[in-house]
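See structure below.
The numbers here are math on the coordinates, done by the rules we state, and not lab data. Computed from a prediction, not measured in an experiment: that's the story for all the values here. Note that we place each Cβ from the backbone using ideal geometry, even for glycine, and neighbour counts take in every protein chain shown.
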Amino acid sequence: MEYDIAIIGGGPAGYNAAERAASNGLKTVLFEKNAIGGVCLNEGCIPTKTLLYSAKILDSIKSASKYGVTVESNPTFDLDKIISRKNKVVKKLTGGVKMKLDANGVLTVHGEAFILGEENDNIRISCDKEVYSVKYVLLCTGSETIIPPIKGLSEVDFWTSKEALDSKELPSSLVIIGGGVIGLEFASFFNSLGVKVSVVEMMPEILGVMDKEVSAMLRTEYTKKGVTFYLGTKVTEVSSKHVTIEKAGTVTTIEAGKILLSVGRRAVIDKVGTANLNIELLKNGVKVNEFMQTSHPHVYACGDITGYSLLAHTAIREGEVAISHILGIDDRMNYAAIPGVVYTNPEFAGVGKTEEEAVADGIDYHILKLPMAYSGRFVVENELGNGVCKLIIDSDDRIIGGHLLGNPASELVVILSMAIEKEYTVEEFKKQIFPHPTVSEIIRETLFV
């Protein structure tokens, strides 16, 4: 039971790191207490996007007349089939992950792993009454849903994202507590299916740390679609039929056929035995350096457990960096160009500095901005659609931030990610040739503002 590396957690950070470690000759064991693929593949990224794509098709059919296409009757949907397709997609992708792990010789152990301590320069881990001795450990235990102490919540059959993904019945109305990315994506899905949706957010604007100007534009789009937003508002009590809210001392109630709780996630740290190796913590996660190394030289941490960037693509890159360091390959983590995406309809994506961050950091900057309608392809595919491309430029004329509202923002933001990663100036980036006609041309057009 001796291994070069043990990876605790089989989410995006864990399973990708395990494959990379094993393919480079490290004898690898991967522990996962639930399902391979973690929250992202089983309860998050993939299943939500599967549902949202069904909703997007429904939205497209409803708006077909704008494009000269006649639909003979009102479009309908089968929620059972939507959920079944989601489950099929998840099963297919998790199966593919398992095949890749097996093909590279990774031993996958299903169970809850716990670090016992050190012995003879190796780290000992227990799982299902077996003890494993390893040289290196990679912690990828992920995060869990935060359940706030709201009065009445323990007596209500509320949803988290996990339960919302499997519901085969639509609620008469839905109150979403939390206006972050997860909350907005579920607001989009249920709104498209005809549910009356309300979103309650304590902050002055939705979507937390994303660019406030563009966040407000997305909120306006969904207000037009019938979603009601309560900003700067606190939930004080819930019942089986109502949510009580308070804003500036005024208390009101909202009808709630169902409540979806989406106030954030927190790192899973205290269930894996980090204290037995005196692993240092920082704020809400495990402290790591640029190589993803913890305070213990043979223990690394990646993904949500660091409490820094709770995104699957961040976790994957962090896992690559950790394995590179173990293998002696020069590599380090850079958080300057990590894109964030909200898969609503329209999509919203951003990378690098927001305008608010530039102000807070005292950066001398200016804005280049154009409506998405300056892209011919966008006009072709988004009849009467709104959107924006917003670029943040520093005093050295370098692109330090980019924010896009409009489909397909999720596919375009990677272009801006590379520009920020490579520290392109506006003049350098102007020389890049974009294919015509594409929506991506909006980035180049914005550079010439």
In 5 Å bins starting at zero, report the fraction of Cα pairs in segment 1-152 per bin as a rounded %.
2, 9, 15, 14, 13, 11, 9, 8, 6, 5, 4, 2, 2, 1, 0
Find out how many positive minus negative residues lie around Lys88, taking Lys and Arg as positive, Asp and Glu as negative, among other residues whose Cβ is under 13 Å from that of Lys88.
+4
Sticking to Cα atoms, compute the Rg of segment 167-207 to one decimal and its Dmax as the biggest Cα-Cα distance, whole number, in Å.
10.2, 33
Normalised by the empirical 2.2 N^0.38 Å for globular proteins, what value does the Cα Rg of segment 73-116 take?
1.92
For segment 292-397 (alpha-carbon point model, no solvent) the Debye-based log₁₀ I(q)/I(0) at q = 0.10 Å⁻¹ works out to -0.46
Taking 0.36 nm per residue of separation and subtracting the Cα-Cα distance, what length does fully extending Ser154 through Lys234 add?
27.0 nm
Above 25 Å lies some portion of the pair distances; for segment 153-263, what is it as a whole percent of all C-alpha pairs?
14
Could you work out how much longer the chain between Asp78 and Lys129 gets when fully extended? Use 0.36 nm per residue separation minus the Cα distance between them, nm to one decimal.
13.8 nm
Output the relative contact order of segment 153-263, whole-number percent, from Cα pairs under 8 angstrom with separation of 6+ residues.
37
Go ahead and run the numbers for FRET between His436 and Glu381, Cβ-Cβ distance against an R0 of 25 Å, rounding to 0.05.
0.95
For the chain: relative contact order, % (alpha-carbon pairs under 8 angstrom, 6 or more apart)
14
Whole Å is fine, so just give me how far the alpha carbon centre of segment 214-234 lies from that of segment 320-339.
38
For each of Cys302, Cys127, Cys40, count neighbouring Cβ atoms within 10 Å of the residue's Cβ, then give the residues from fewest to most.
Cys127, Cys40, Cys302
Taking a 27 Å limit on the Cα-Cα distance, which of the listed pairs Lys92/Lys162; Lys100/Lys353; Lys91/Lys241; Lys56/Lys91; Lys56/Lys258 fall beyond it?
Lys100/Lys353; Lys91/Lys241
Take the Cβ-Cβ distance between Asn278 and Lys422 as r, set R0 to 41 Å, and report the resulting FRET efficiency rounded to the nearest 0.05.
0.55
On average, how much area does the Cα convex hull of segment 238-304 cover when viewed from any direction, in nm²?
7.6
Mean shadow area of segment 340-447, taken as a quarter of the surface of its Cα convex hull (nm²):
6.3
Please give, to one decimal in nm, the separation of the simple spin-label points placed at Asn104 and Ile363, each 7 Å out from Cα toward the Cβ.
3.3
Based only on other Cβ atoms within 10 Å, what is the fewest-to-most ordering of His110, His298, His366, His325?
His366, His110, His298, His325
Which of the peptides 69-80, 51-62, 240-251, 259-270 is most tightly packed, and how do the rest follow, judged by the mean count of other Cβ atoms within 10 Å per residue?
259-270, 51-62, 240-251, 69-80
Write down the Kirkwood hydrodynamic radius of the chain, to one decimal in angstroms, obtained as one divided by the mean of 1/r over all alpha carbon pairs.
23.7
Net charge near Gly9: determine it from the other residues with C-beta under 13 Å of the C-beta of Gly9, scoring Lys and Arg +1 and Asp and Glu -1.
-3
Which order do peptides 351-361, 113-123 fall in by mean Cβ count within 10 Å, highest first?
351-361, 113-123
Which Cys residues of the chain have no other Cys Cβ less than 4.7 Å away and so no disulfide-compatible partner by this rule?
Cys127, Cys140, Cys302, Cys389
Using the basic label-point model (7 angstrom from Cα toward the beta carbon), what is the Asn120 to Glu356 distance in nanometres?
5.4
